[in-house]
1. Residues in the range B:120-147 that are within 7 Å of chain A (Cβ to nearest Cβ), buried (at least 18 other Cβ atoms within 10 Å of the Cβ) and either part of a helix (DSSP H, G or I) or touching a residue at least 12 places away in the same chain (Cβ under 8 Å) (or both): how many?
2. When you go through A:GLU94, A:GLU55, A:GLU17 one by one, which is the residue that is facing chain B (nearest Cβ under 10 Å) and within 11 Å of DNA strand D (Cβ to nearest atom)?
3. Exactly one condition in (1) closer than 22 Å to B:ILE15 by Cα; (2) near DNA strand D (Cβ under 10 Å from one of its atoms) is not met by A:ARG110; state its number.
4. Taking the condition of a type outside the set (Ser, Thr, Tyr), in the same structural domain as B:THR118 (by TED's automatic domain parsing) and buried (at least 18 other Cβ atoms within 10 Å of the Cβ), does B:LEU44 pass?
5. Taking only the range A:92-125 into account, find how many residues are within 11 Å of DNA strand C (Cβ to nearest atom) and touching a Lys or Arg at 6+ places or on another chain (Cβ under 9 Å).
6. For the range B:24-40, which residues satisfy the criterion of being within 16 Å of DNA strand D (Cβ to nearest atom) and either touching a helix residue (DSSP H, G or I) at 6+ places or on another chain (Cβ under 7 Å) or facing another protein chain (nearest Cβ under 7 Å) (or both)?
7. For B:SER4, which of the numbered conditions (1) within 10 Å of chain A (Cβ to nearest Cβ); (2) in contact (Cβ under 8 Å) with a residue 24 or more places away in the chain; (3) touching a Gly at 6+ places or on another chain (Cβ under 8 Å); (4) surrounded by fewer than 20 Cβ atoms within 10 Å (Cβ to Cβ) fails to hold?
8. Mind listing whichever residues of the range B:65-91 are within 14 Å of chain A (Cβ to nearest Cβ), near DNA strand C (Cβ under 8 Å from one of its atoms) and open to solvent by 60 Å² or more (accessible area, probe 1.4 Å)?
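The values are calculated or read from the model by the stated rules, or taken from the named source; none is laboratory data. This is a predicted model, so every value here is computed, not measured. Heads up, the Cβs are rebuilt from the backbone with ideal geometry, glycines too, and the neighbour counts pull from every protein chain shown. All accessible areas refer to the heavy atoms of the entire protein, side chains included, with ligands and DNA or RNA removed. Shrake-Rupley method; radii C 1.70, N 1.55, O 1.52, S 1.80 Å.
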2 protein chains.
Amino acid sequence: MNKSFHPLEQAVDRIEERFPGVPRQQVILTRLYFHILPRLTGYLNDGMKEYGLNESLWMSLLAMYACPHQSLYPSDISDTLDSSRTNATRIVDELVRHGWATRIPCAADRRKIGLELTQQGLELVESLLPVSRANYRALWSDFDPEEMQLMEKMMRKLLARLGG
Amino acid sequence: MNKSFHPLEQAVDRIEERFPGVPRQQVILTRLYFHILPRLTGYLNDGMKEYGLNESLWMSLLAMYACPHQSLYPSDISDTLDSSRTNATRIVDELVRHGWATRIPCAADRRKIGLELTQQGLELVESLLPVSRANYRALWSDFDPEEMQLMEKMMRKLLARLGG
DNA sequence: GCATTTTAGTAACATACGTTACTATTTTTC
DNA sequence: GAAAAATAGTAACGTATGTTACTAAAATGC
(Lines give C-alpha, C1' and ligand atoms only; values in the text may rest on other atoms or scores of the structure.)
Protein backbone atom coordinates (compact mmCIF):
# COMPACT_ATOMS: atom_id res chain seq x y z
CA MET A 1 0.00 0.00 0.00
CA ASN A 2 1.27 3.48 -0.71
CA LYS A 3 -1.43 5.37 1.10
CA SER A 4 -0.70 8.22 3.45
CA PHE A 5 -1.16 8.01 7.21
CA HIS A 6 -2.81 11.42 7.21
CA PRO A 7 -6.46 10.38 6.59
CA LEU A 8 -6.34 8.21 9.70
CA GLU A 9 -4.89 11.03 11.80
CA GLN A 10 -7.67 13.30 10.62
CA ALA A 11 -10.27 10.68 11.47
CA VAL A 12 -8.82 10.36 14.98
CA ASP A 13 -9.11 14.12 15.45
CA ARG A 14 -12.68 14.23 14.19
CA ILE A 15 -13.62 11.50 16.65
CA GLU A 16 -12.12 13.60 19.44
CA GLU A 17 -14.44 16.43 18.42
CA ARG A 18 -17.42 14.14 18.27
CA PHE A 19 -16.78 12.07 21.42
CA PRO A 20 -13.94 13.63 23.47
CA GLY A 21 -11.43 11.55 25.39
CA VAL A 22 -9.38 9.92 22.62
CA PRO A 23 -5.98 8.74 23.92
CA ARG A 24 -4.51 10.22 20.76
CA GLN A 25 -0.86 9.37 21.35
CA GLN A 26 -1.66 5.72 22.10
CA VAL A 27 -3.99 5.38 19.13
CA ILE A 28 -1.55 7.03 16.74
CA LEU A 29 1.32 4.82 17.91
CA THR A 30 -0.73 1.68 17.53
CA ARG A 31 -2.07 2.59 14.12
CA LEU A 32 1.41 3.64 12.96
CA TYR A 33 2.56 0.16 13.86
CA PHE A 34 0.03 -1.33 11.45
CA HIS A 35 0.68 1.32 8.82
CA ILE A 36 4.39 0.50 8.73
CA LEU A 37 3.90 -3.24 8.59
CA PRO A 38 2.92 -3.88 4.95
CA ARG A 39 5.64 -1.51 3.85
CA LEU A 40 8.22 -3.28 5.97
CA THR A 41 7.09 -6.67 4.72
CA GLY A 42 7.10 -5.41 1.15
CA TYR A 43 10.59 -3.97 1.57
CA LEU A 44 12.02 -7.23 2.89
CA ASN A 45 10.19 -9.37 0.34
CA ASP A 46 11.24 -7.15 -2.57
CA GLY A 47 14.84 -7.89 -1.82
CA MET A 48 14.15 -11.62 -1.96
CA LYS A 49 11.62 -12.17 -4.65
CA GLU A 50 14.02 -12.32 -7.56
CA TYR A 51 15.50 -15.45 -6.00
CA GLY A 52 12.10 -17.08 -5.58
CA LEU A 53 12.12 -16.32 -1.88
CA ASN A 54 10.08 -14.39 0.60
CA GLU A 55 11.09 -13.40 4.08
CA SER A 56 9.69 -16.54 5.71
CA LEU A 57 11.55 -18.88 3.43
CA TRP A 58 14.68 -16.83 3.83
CA MET A 59 14.49 -16.79 7.62
CA SER A 60 13.93 -20.54 7.59
CA LEU A 61 17.02 -21.05 5.47
CA LEU A 62 18.94 -18.93 7.97
CA ALA A 63 17.52 -20.88 10.88
CA MET A 64 18.83 -24.06 9.28
CA TYR A 65 22.16 -22.48 8.41
CA ALA A 66 22.55 -21.50 12.07
CA CYS A 67 22.40 -25.10 13.26
CA PRO A 68 25.07 -27.79 13.47
CA HIS A 69 25.22 -29.68 10.16
CA GLN A 70 22.74 -27.12 8.79
CA SER A 71 20.01 -29.29 10.14
CA LEU A 72 16.97 -28.88 12.38
CA TYR A 73 13.35 -30.04 12.79
CA PRO A 74 10.20 -28.37 11.49
CA SER A 75 9.13 -27.72 15.07
CA ASP A 76 12.36 -25.76 15.50
CA ILE A 77 11.34 -23.58 12.56
CA SER A 78 8.01 -23.09 14.28
CA ASP A 79 9.74 -22.06 17.52
CA THR A 80 12.40 -19.87 15.94
CA LEU A 81 10.14 -18.05 13.49
CA ASP A 82 7.18 -17.77 15.85
CA SER A 83 4.85 -19.56 13.48
CA SER A 84 2.42 -22.48 13.70
CA ARG A 85 3.60 -26.05 13.12
CA THR A 86 1.25 -26.14 10.17
CA ASN A 87 3.01 -23.18 8.63
CA ALA A 88 6.39 -24.72 9.34
CA THR A 89 5.25 -27.73 7.32
CA ARG A 90 4.30 -25.47 4.43
CA ILE A 91 7.64 -23.70 4.57
CA VAL A 92 9.46 -27.03 4.61
CA ASP A 93 7.40 -28.21 1.64
CA GLU A 94 8.47 -25.12 -0.25
CA LEU A 95 12.16 -25.40 0.65
CA VAL A 96 12.20 -29.04 -0.40
CA ARG A 97 10.32 -28.32 -3.61
CA HIS A 98 12.99 -25.74 -4.56
CA GLY A 99 15.78 -28.15 -3.74
CA TRP A 100 17.20 -26.01 -0.97
CA ALA A 101 16.53 -28.51 1.80
CA THR A 102 15.83 -32.19 2.17
CA ARG A 103 13.72 -34.11 4.65
CA ILE A 104 15.40 -36.90 6.61
CA PRO A 105 13.44 -39.23 8.93
CA CYS A 106 14.82 -39.24 12.47
CA ALA A 107 15.92 -42.73 13.53
CA ALA A 108 15.85 -41.91 17.24
CA ASP A 109 12.32 -40.49 17.24
CA ARG A 110 9.95 -41.53 14.48
CA ARG A 111 7.64 -38.58 15.09
CA LYS A 112 10.37 -36.25 13.92
CA ILE A 113 11.65 -35.44 10.45
CA GLY A 114 15.02 -33.80 10.16
CA LEU A 115 15.49 -31.03 7.65
CA GLU A 116 18.91 -30.40 6.18
CA LEU A 117 20.21 -27.66 3.91
CA THR A 118 21.36 -29.00 0.56
CA GLN A 119 24.52 -27.85 -1.20
CA GLN A 120 22.28 -25.71 -3.40
CA GLY A 121 20.64 -24.23 -0.35
CA LEU A 122 23.96 -23.54 1.31
CA GLU A 123 25.23 -21.71 -1.76
CA LEU A 124 22.05 -19.68 -1.96
CA VAL A 125 22.32 -18.66 1.69
CA GLU A 126 25.96 -17.69 1.49
CA SER A 127 25.49 -15.74 -1.72
CA LEU A 128 22.46 -13.88 -0.35
CA LEU A 129 23.65 -13.10 3.16
CA PRO A 130 25.52 -9.97 2.04
CA VAL A 131 22.45 -8.73 0.14
CA SER A 132 20.13 -9.33 3.07
CA ARG A 133 22.49 -7.63 5.48
CA ALA A 134 22.79 -4.60 3.24
CA ASN A 135 18.98 -4.37 3.17
CA TYR A 136 18.71 -4.52 6.97
CA ARG A 137 21.42 -1.86 7.32
CA ALA A 138 19.75 0.38 4.79
CA LEU A 139 16.42 0.00 6.54
CA TRP A 140 17.76 1.47 9.77
CA SER A 141 20.32 3.82 8.23
CA ASP A 142 18.55 6.90 9.56
CA PHE A 143 18.98 5.68 13.15
CA ASP A 144 22.12 6.04 15.20
CA PRO A 145 23.17 3.28 17.61
CA GLU A 146 21.60 5.00 20.62
CA GLU A 147 18.26 5.39 18.88
CA MET A 148 18.24 1.76 17.83
CA GLN A 149 19.00 0.68 21.39
CA LEU A 150 16.21 2.88 22.67
CA MET A 151 13.81 1.56 20.03
CA GLU A 152 14.68 -1.99 21.04
CA LYS A 153 14.18 -1.21 24.71
CA MET A 154 10.74 0.22 24.01
CA MET A 155 9.73 -2.59 21.73
CA ARG A 156 10.71 -5.12 24.37
CA LYS A 157 8.66 -3.20 26.87
CA LEU A 158 5.65 -3.32 24.56
CA LEU A 159 6.27 -7.03 23.99
CA ALA A 160 6.38 -7.63 27.73
CA ARG A 161 3.07 -5.82 28.09
CA LEU A 162 1.59 -8.10 25.46
CA GLY A 163 2.68 -11.20 27.30
CA GLY A 164 5.71 -12.07 25.22
CA MET B 1 1.57 -17.20 19.15
CA ASN B 2 3.06 -17.42 22.61
CA LYS B 3 6.58 -18.35 21.59
CA SER B 4 9.61 -16.66 23.02
CA PHE B 5 11.84 -14.34 21.01
CA HIS B 6 14.91 -16.06 22.44
CA PRO B 7 15.33 -18.87 19.85
CA LEU B 8 15.58 -16.29 17.11
CA GLU B 9 18.18 -14.28 19.01
CA GLN B 10 20.23 -17.41 19.49
CA ALA B 11 19.97 -18.22 15.79
CA VAL B 12 21.21 -14.72 14.92
CA ASP B 13 24.22 -15.19 17.18
CA ARG B 14 25.04 -18.60 15.72
CA ILE B 15 24.95 -17.11 12.23
CA GLU B 16 27.43 -14.47 13.38
CA GLU B 17 29.78 -17.26 14.44
CA ARG B 18 29.32 -19.08 11.17
CA PHE B 19 29.45 -16.12 8.78
CA PRO B 20 30.55 -12.95 10.64
CA GLY B 21 29.21 -9.51 9.81
CA VAL B 22 25.61 -9.72 11.06
CA PRO B 23 24.10 -6.26 11.67
CA ARG B 24 22.68 -7.65 14.89
CA GLN B 25 20.91 -4.54 16.15
CA GLN B 26 19.14 -4.00 12.84
CA VAL B 27 18.13 -7.64 12.51
CA ILE B 28 16.88 -7.86 16.10
CA LEU B 29 14.83 -4.66 15.71
CA THR B 30 13.26 -5.86 12.50
CA ARG B 31 12.45 -9.32 13.82
CA LEU B 32 11.07 -7.85 17.04
CA TYR B 33 8.68 -5.85 14.91
CA PHE B 34 7.30 -9.05 13.42
CA HIS B 35 7.34 -10.85 16.75
CA ILE B 36 5.18 -8.20 18.39
CA LEU B 37 2.67 -8.02 15.56
CA PRO B 38 0.52 -11.14 16.09
CA ARG B 39 0.44 -10.37 19.80
CA LEU B 40 -0.65 -6.81 19.16
CA THR B 41 -3.28 -7.92 16.67
CA GLY B 42 -4.49 -10.59 19.09
CA TYR B 43 -4.65 -8.09 21.94
CA LEU B 44 -6.77 -5.64 19.94
CA ASN B 45 -9.01 -8.34 18.48
CA ASP B 46 -9.56 -9.99 21.85
CA GLY B 47 -11.17 -6.84 23.11
CA MET B 48 -13.55 -6.81 20.17
CA LYS B 49 -14.47 -10.36 19.46
CA GLU B 50 -17.23 -10.71 21.98
CA TYR B 51 -19.12 -8.08 20.00
CA GLY B 52 -18.60 -9.90 16.71
CA LEU B 53 -15.95 -7.40 15.69
CA ASN B 54 -12.32 -7.42 14.79
CA GLU B 55 -10.02 -4.45 14.61
CA SER B 56 -10.67 -3.77 10.91
CA LEU B 57 -14.43 -3.69 11.34
CA TRP B 58 -14.05 -1.55 14.44
CA MET B 59 -11.74 0.95 12.73
CA SER B 60 -14.17 1.15 9.80
CA LEU B 61 -17.03 1.90 12.15
CA LEU B 62 -14.90 4.64 13.69
CA ALA B 63 -13.98 6.00 10.28
CA MET B 64 -17.69 6.32 9.54
CA TYR B 65 -18.46 7.78 12.94
CA ALA B 66 -15.79 10.44 12.29
CA CYS B 67 -17.59 11.75 9.19
CA PRO B 68 -20.46 14.19 8.80
CA HIS B 69 -23.77 12.28 8.99
CA GLN B 70 -21.71 9.19 9.91
CA SER B 71 -21.34 8.59 6.22
CA LEU B 72 -18.50 7.96 3.79
CA TYR B 73 -17.57 5.93 0.69
CA PRO B 74 -15.84 2.54 0.56
CA SER B 75 -12.87 4.18 -1.12
CA ASP B 76 -12.59 6.41 1.94
CA ILE B 77 -12.31 3.30 4.09
CA SER B 78 -9.61 2.07 1.75
CA ASP B 79 -7.74 5.38 2.11
CA THR B 80 -8.23 5.77 5.86
CA LEU B 81 -7.42 2.18 6.83
CA ASP B 82 -4.62 1.71 4.33
CA SER B 83 -6.29 -1.26 2.68
CA SER B 84 -7.19 -2.31 -0.85
CA ARG B 85 -10.54 -1.30 -2.38
CA THR B 86 -11.34 -5.00 -2.56
CA ASN B 87 -10.89 -5.32 1.18
CA ALA B 88 -12.94 -2.20 1.76
CA THR B 89 -15.76 -3.92 -0.12
CA ARG B 90 -15.43 -6.97 2.13
CA ILE B 91 -15.51 -4.84 5.23
CA VAL B 92 -18.58 -3.00 3.97
CA ASP B 93 -20.27 -6.33 3.20
CA GLU B 94 -19.66 -7.39 6.78
CA LEU B 95 -20.85 -4.14 8.36
CA VAL B 96 -24.04 -4.25 6.28
CA ARG B 97 -24.59 -7.92 7.07
CA HIS B 98 -24.45 -7.13 10.80
CA GLY B 99 -26.83 -4.22 10.41
CA TRP B 100 -24.31 -1.66 11.56
CA ALA B 101 -24.19 0.22 8.25
CA THR B 102 -26.25 0.58 5.12
CA ARG B 103 -25.30 1.15 1.50
CA ILE B 104 -26.85 4.13 -0.27
CA PRO B 105 -26.35 4.77 -3.99
CA CYS B 106 -24.88 8.21 -4.66
CA ALA B 107 -27.18 10.30 -6.87
CA ALA B 108 -24.42 12.69 -7.91
CA ASP B 109 -21.95 10.02 -9.00
CA ARG B 110 -23.30 6.62 -10.00
CA ARG B 111 -19.91 4.96 -9.52
CA LYS B 112 -20.08 5.66 -5.81
CA ILE B 113 -22.01 3.98 -3.05
CA GLY B 114 -22.44 5.86 0.18
CA LEU B 115 -22.14 3.98 3.44
CA GLU B 116 -23.98 5.23 6.49
CA LEU B 117 -23.89 4.11 10.09
CA THR B 118 -27.25 2.80 11.25
CA GLN B 119 -28.76 3.58 14.64
CA GLN B 120 -27.61 0.15 15.75
CA GLY B 121 -24.13 0.89 14.52
CA LEU B 122 -24.06 4.26 16.24
CA GLU B 123 -25.09 2.69 19.54
CA LEU B 124 -22.44 0.01 19.16
CA VAL B 125 -19.73 2.58 18.49
CA GLU B 126 -20.69 4.82 21.39
CA SER B 127 -20.97 1.93 23.79
CA LEU B 128 -17.62 0.46 22.77
CA LEU B 129 -15.54 3.61 22.52
CA PRO B 130 -14.77 3.62 26.26
CA VAL B 131 -13.72 -0.05 26.12
CA SER B 132 -11.49 0.48 23.12
CA ARG B 133 -9.86 3.53 24.65
CA ALA B 134 -9.16 1.70 27.87
CA ASN B 135 -7.47 -1.06 25.84
CA TYR B 136 -5.27 1.43 23.98
CA ARG B 137 -4.31 3.14 27.26
CA ALA B 138 -3.51 -0.17 28.91
CA LEU B 139 -1.40 -1.22 25.96
CA TRP B 140 0.96 1.72 26.40
CA SER B 141 0.65 2.06 30.15
CA ASP B 142 4.33 1.24 30.71
CA PHE B 143 5.36 4.23 28.60
CA ASP B 144 5.52 7.80 29.82
CA PRO B 145 4.55 10.66 27.48
CA GLU B 146 8.14 11.39 26.49
CA GLU B 147 8.79 7.79 25.57
CA MET B 148 5.64 7.63 23.47
CA GLN B 149 6.63 10.80 21.64
CA LEU B 150 10.09 9.41 21.01
CA MET B 151 8.62 6.10 19.82
CA GLU B 152 6.34 7.98 17.44
CA LYS B 153 9.23 10.05 16.13
CA MET B 154 11.26 6.94 15.43
CA MET B 155 8.37 5.08 13.86
CA ARG B 156 7.73 8.01 11.53
CA LYS B 157 11.38 8.02 10.63
CA LEU B 158 11.20 4.32 9.77
CA LEU B 159 8.01 4.95 7.80
CA ALA B 160 9.73 7.72 5.86
CA ARG B 161 12.58 5.37 5.04
CA LEU B 162 10.04 2.86 3.70
CA GLY B 163 8.50 5.41 1.41
CA GLY B 164 5.40 6.22 3.41
C1' DG C 1 4.53 -51.86 32.69
C1' DC C 2 0.38 -49.79 31.37
C1' DA C 3 -2.62 -45.71 30.99
C1' DT C 4 -2.45 -40.97 30.28
C1' DT C 5 -0.42 -36.94 28.53
C1' DT C 6 2.44 -34.61 25.44
C1' DT C 7 4.78 -33.88 21.13
C1' DA C 8 5.53 -34.07 15.89
C1' DG C 9 3.88 -33.38 11.61
C1' DT C 10 0.15 -32.98 8.46
C1' DA C 11 -4.92 -32.58 6.53
C1' DA C 12 -8.94 -30.00 6.45
C1' DC C 13 -11.01 -25.93 7.33
C1' DA C 14 -10.87 -20.95 8.34
C1' DT C 15 -9.34 -15.93 8.46
C1' DA C 16 -7.56 -11.86 6.39
C1' DC C 17 -5.85 -9.47 2.87
C1' DG C 18 -3.64 -8.21 -1.93
C1' DT C 19 -3.45 -8.34 -7.14
C1' DT C 20 -5.43 -8.57 -11.58
C1' DA C 21 -9.21 -7.87 -14.37
C1' DC C 22 -13.56 -6.20 -15.33
C1' DT C 23 -17.69 -2.93 -16.13
C1' DA C 24 -19.65 1.43 -15.41
C1' DT C 25 -19.07 6.13 -14.64
C1' DT C 26 -16.78 10.50 -14.22
C1' DT C 27 -12.94 13.55 -15.16
C1' DT C 28 -9.41 15.24 -17.97
C1' DT C 29 -7.26 16.40 -22.22
C1' DC C 30 -7.11 18.05 -26.70
C1' DG D 1 -17.59 17.51 -27.67
C1' DA D 2 -15.27 13.26 -28.23
C1' DA D 3 -11.39 10.30 -27.00
C1' DA D 4 -8.41 9.01 -23.40
C1' DA D 5 -7.46 8.53 -18.67
C1' DA D 6 -8.82 7.96 -14.09
C1' DT D 7 -11.94 6.44 -10.46
C1' DA D 8 -15.40 3.29 -7.93
C1' DG D 9 -16.69 -0.98 -6.66
C1' DT D 10 -16.65 -5.86 -7.22
C1' DA D 11 -15.36 -10.79 -9.08
C1' DA D 12 -11.95 -14.11 -9.59
C1' DC D 13 -7.74 -15.61 -8.35
C1' DG D 14 -3.72 -15.63 -5.31
C1' DT D 15 -0.70 -15.29 -0.91
C1' DA D 16 0.13 -16.12 3.83
C1' DT D 17 -1.02 -17.73 8.06
C1' DG D 18 -3.79 -19.78 12.11
C1' DT D 19 -7.03 -23.23 14.31
C1' DT D 20 -8.98 -27.65 14.84
C1' DA D 21 -8.55 -32.36 14.36
C1' DC D 22 -6.13 -36.38 13.39
C1' DT D 23 -2.62 -40.34 13.65
C1' DA D 24 1.63 -41.96 15.29
C1' DA D 25 5.20 -41.93 18.56
C1' DA D 26 7.52 -40.66 22.79
C1' DA D 27 7.43 -39.09 27.60
C1' DT D 28 5.34 -39.00 32.00
C1' DG D 29 2.89 -40.61 35.98
C1' DC D 30 1.30 -44.01 38.98
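1. 3
2. Working: A:GLU94 fails: facing chain B (nearest Cβ under 10 Å); A:GLU17 fails: within 11 Å of DNA strand D (Cβ to nearest atom).
Residue meeting the stated conditions: A:GLU55.
3. So A:ARG110 meets the others, but not (1).
4. On the way: of a type outside the set (Ser, Thr, Tyr): yes; in the same structural domain as B:THR118 (by TED's automatic domain parsing): no; buried (at least 18 other Cβ atoms within 10 Å of the Cβ): yes.
So B:LEU44 fails the test.
5. 7
6. Narrowing the range B:24-40 to residues within 16 Å of DNA strand D (Cβ to nearest atom): B:30-40.
Correct list: B:THR30, B:ARG31, B:LEU32, B:TYR33, B:HIS35, B:ILE36, B:LEU37, B:ARG39, B:LEU40.
7. Condition (2) is where B:SER4 drops out.
8. B:ARG85, B:THR86
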